[in-house]
1. Under 9 Å by Cβ, and 6 or more places apart or on different chains, what pairs join a residue from region 38-67 that is exposed (fewer than 14 other Cβ atoms within 10 Å of the Cβ) with one that is in a helix (DSSP H, G or I)?
2. Please give the number of the condition residue 53 fails out of (1) under 26 Å from residue 109 (Cα atoms); (2) at pLDDT below 85.
3. Take the residues in region 104-118 that are in a strand (DSSP E or B) and modelled with pLDDT under 75; name whichever of them is surrounded by the most Cβ atoms within 10 Å (Cβ to Cβ).
4. Residue 45 fails exactly one of the following numbered conditions: (1) modelled with pLDDT of 65 or more; (2) out of contact with any strand residue (DSSP E or B) (no Cβ under 9 Å at 6 or more places or on another chain). What is the number of that condition?
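The values are calculated or read from the model by the stated rules, or taken from the named source; none is laboratory data. This structure is a prediction, so every number in the text was calculated from the model and none was measured. Cβ sites come from the backbone with ideal geometry, for glycine too, and all protein chains shown count toward neighbours.
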């Protein structure tokens with residue numbers, strides 16, 4: 001029994017010392033910002049920097065159709081001289097989205113456009 005009592009204070013002292021020296025386990029596993037964030041905004045949303053307050057619903061639909069046709073032609077021209085079939089899985093959805101993303105530290109704002117349709 002005497003060995004048990006002499007070992008216990010040493011063990012408690014060692015644990016307290018380790019707790020004081022070692023970093024908190026919750027801080028080890030918390031994610032830290034790495035200089036990248038992203039916001040997905042619909043192209044025709046009022047939050048979009050390309051939003052036109054004076055545009056009517058019909059004009060917006062016409063512009064969306066025109067953008068879709070131009071994008072389709074542009075993509076087709078990229079692959080006009082190749083026989084390779086290129087495909088990529090797409091998630092179902094519809095609409096055009098602007099992607100607001102920040103890169104770097106300090107972060108800089110960049111915009112990209114994503115087009116998703118069924």
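1. Listed by first residue and then by second, the contacts come to 52/59; 52/60; 52/63; 55/63.
2. Failing condition for residue 53: (2).
3. Ranking the candidates gives 115 first.
4. Failing condition for residue 45: (2).
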